[in-house]
Amino acid sequence: MSDRVTERYAGELPMAEADDAADRVADDAVVLVSGFGSVGYPKALPLALADSGRDLELTVVSGGSVGEEIDTALVEADAIARRYPYQSTPEAREKVNNNEIAFSDRNVSSLGDEVQYGGLVDPDVAIVEAVAVGEDWLIPSTSIGQTPAFVDAAEKLIVEVNHNQPLELQAVHDVYRPDAPPNREPIPLSEPDGRIGDAKVRFDPEKLLAVVETDRPDSTYTFRDPTDDDRAIARNFGSFLAEEMERTPVFEEELYLQFGVGSLGNALMGELIDLDFAGRDVVYFGEVIQDGLLDMLDAGRLECASATTLALTEEGQQRLFEDVEGYAEDIVLRPTDVSNDARLINQFGVVGVNSAIEVDIYGHANSTHVRGSKAINGVGGSGDFNRNSLVSVCALPSTLKGGEISRIVPMAFHVDHTEHDLDVIVTEQGVADLRGTSPVERAEEIIENCAHPSFKPALWEYFEAAKEQGGHIPHDLKRAVEWPN
């Protein structure tokens, strides 16, 4: 890196303790925070705000999921009045579902533009974690997310320099911001491991309100061990992928993959180590780098990985920290408006693999709400990849709670991804390729190939009764509402 930073601080900086910096945040401030995939978010400032005893009514906007310092401590202090665009802790979920926090779910790729140009919020201050800072620049830590857009948009900036994060993280960063509309040029990225920016997020030095030091680690992910269902889903997906590689000339030389964050996505990555790619280069172009991708890189099964965050377990993060510059030969982090850009997803012909809470028999997926009402988290980047991938795959177990509840349902009462966005459904039972099918044909494919045997009779009964009522997408609404789970 030609512009390599060797110290955490450069120039005359307004150093402050966390409590003092927190005093400079207004009670009703609109706060933009760094963080994506539960890493790279500020920690000392949110804790200071939570412990301040003030009557806070903050609007908090993050790039993606963040850790407990924000979505637990601030929530329990009743300090958050409004939240965008994602939440994932039990404490935040409870207040969102009780309407004590006004929560607005957003597709993450466009969030930076919405904040800067779209009138979503009128931001007061950005609070950003960094590994180094100068008078007019900072270097992000374990995620980039929407940090460049947030720093541009906010009137003031507070930087947390985290000594727990290695300075060498700068080696994986590629900070590039698209120009403002309507003069926005195409993103000049021709190879997924190419570099079109540098490690620094630059800002007007007049914005810099305070620099705070911390050494608090991220709230890293905990992935469960792969289940038998996970392995069966991976085998079914692998079989589909093998057929797809033979079917289309797009995959003759290279295969571009994306996996959603979570235990299933991580398990799928790990299981692909043993798949025969027949000499093809395998590339990851997505938003999250998880432990399974490190496994593939270490095994020599992955050419490179482009994302916006290092959403790793504690062990995975330690593995990367011990050899950041080695991994930087194959890993690059970018802002979300690059990692999730529709044109790049389309350009590279990505096979996007995401999950859902449930899928109905016509191919509509609900990834955020239980029974159409109770919010679980947020849509994240799944919409970006489901809509824009060359092949969009929804992978999920056919049941949950030990087989008591079917995740293939007659009708999804909340829909995040319509039948127009999904091409293939994969469960441990099999694969439903929905491309080119009518709604009735989709239902037949999904019930036959993806539903659990214990729920197939009830789904077939529903489908036959619905067809008697007619319609292009046959439904029996009374039966759908009364569906037992």
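The values are calculated or read from the model by the stated rules, or taken from the named source; none is laboratory data. This one's a predicted model, so the numbers in the text were calculated from it and none came from an experiment. Ideal geometry is used to build each Cβ from the backbone, glycine not excepted, and the neighbour counts take in all protein chains shown. Accessible surface areas use protein heavy atoms only, side chains included; no ligands, DNA or RNA. Shrake-Rupley method; radii C 1.70, N 1.55, O 1.52, S 1.80 Å.
Give the residue list of GluC sites (Glu not before Pro) in region 1-83 that are DSSP loop and have at most 12 other beta-carbon atoms within 10 angstrom.
Of the GluC sites (Glu not before Pro), the ones in loops of region 1-83 whose Cβ has at most 12 other Cβ atoms within 10 Å are Glu7, Glu12.
Checking the a/c ratio against 1.5 first, then a/b against b/c, what shape does the Cα gyration tensor give for region 11-111?
Oblate.
Tell me the Kirkwood hydrodynamic radius of region 316-399 in angstroms, computed as one over the mean inverse distance between distinct C-alpha pairs.
15.1
Tell me, what is the Rg over Rh of region 181-279, with Rh the Kirkwood radius over Cα pairs?
Result: Rg/Rh = 1.13.
Calculate, for the chain, the solvent-accessible area per residue in square angstrom, rolling a 1.4 angstrom probe over the heavy atoms of the protein chains.
For the chain, the solvent-accessible area averages 39 Å² per residue.
Can you tell me the alpha carbon radius of gyration of region 110-232 divided by the globular rule-of-thumb value 2.2 N^0.38 Å?
1.24
Alpha carbons only, please: Rg and Dmax for region 50-104, in angstrom.
9.9, 27
Rounded to the nearest 5, what % of DSSP beta bridges with both residues in region 163-317 are antiparallel?
Just about 10 percent of them are antiparallel.
PRE reach from Asp179 (point 7 Å along Cα→Cβ): which of region 186-211 fall under 15 Å by backbone N?
Only 186-189 pass the distance filter.
Once you place label points 7 Å from the Cα toward the Cβ at Thr222 and Val481, how far apart are they in nm?
Between Thr222 and Val481, the simple spin-label model gives 4.0 nm.
Using alpha carbons only, how many angstrom separate the centre of region 317-370 from the centre of region 30-46?
Centre-to-centre (Cα) distance: 20 Å.
Over what distance in Å are the Cα centres of region 214-257 and region 400-443 separated?
19
First compute the accessible area of region 1-110 with a 1.4 Å probe, then give the percent of it belonging to carbon and sulfur atoms.
It is 38 percent, rounded to a whole number.
Which far-off residues, 5 or more places away or on another chain, put their amide H under 5 Å from the one on Tyr362, with H placed in the peptide plane?
Amide H to amide H, under 5 Å and 5 or more residues apart or across chains, Tyr362 pairs with nothing.
Using the C-alpha atoms of region 247-294, what convex hull volume per residue, in cubic angstrom, is computed?
85
Skipping prolines and chain starts, which residues have an amide H placed within reach, meaning under 5 Å, of the one on Arg106, given they are 5 or more residues away or on another chain?
Result for Arg106 returns Val379, Gly380.
Is the shape of region 195-238 rounded, prolate or oblate, going by the alpha carbon gyration tensor and its root eigenvalues a ≥ b ≥ c, with a/c under 1.5 for rounded and a/b larger than b/c for prolate?
oblate
For the chain, calculate the relative contact order in percent as a whole number, restricting contacts to Cα pairs under 8 Å that are 6 or more residues apart.
Value for the chain: 14 percent.
Using mean Cβ contacts within 10 Å as the protection proxy, how do 232-238, 193-199 order, highest first?
232-238, 193-199
How much net charge surrounds Val128 when only other residues with a Cβ under 13 Å from its Cβ are counted (Lys, Arg +1; Asp, Glu -1)?
Counting the neighbours of Val128, the net charge comes to +2.
Using a 7 Å offset from the Cα along the Cα-to-Cβ direction at both Asn98 and Asn346, what is the distance between the two label points in nm, to one decimal?
Distance between label points: 4.5 nm.
Please compute the alpha carbon radius of gyration of the chain, then divide it by the globular-protein estimate 2.2 N^0.38 Å. Two decimals is fine.
In units of the 2.2 N^0.38 Å rule of thumb, it is 0.98.
Please list the non-local residues whose amide H lies under 5 Å from the amide H of Thr399, H modeled 1.01 Å from N, same-chain partners needing a gap of 5 or more.
HN-HN under 5 Å from Thr399: Arg407.
On the accessible surface of region 287-384, probed at 1.4 Å, how many percent belong to carbon and sulfur atoms?
The C+S portion of the solvent-accessible surface of region 287-384 is 41 percent.
How do 471-483, 156-168 rank on mean C-beta neighbours within 10 Å, highest first?
156-168, 471-483
Stokes-Einstein at 4 °C, 1.567 mPa s, Kirkwood radius from Cα pairs: D for region 394-463 in µm² s⁻¹?
Rounded, D is 105 µm²/s.
How big is the antiparallel share of DSSP beta bridges in the chain, given as a percent to the nearest 5?
Percentage antiparallel, nearest 5: 25.
Output the antiparallel fraction of DSSP beta bridges having both residues in region 284-397, as a percent to the nearest 5.
Antiparallel bridges: around 25 percent, rounded to the nearest 5.
Averaging over all projection directions, find the projected area of the Cα convex hull of region 245-368 and quote it in nm² with one decimal place.
The directionally averaged projection comes out at 8.8 nm².
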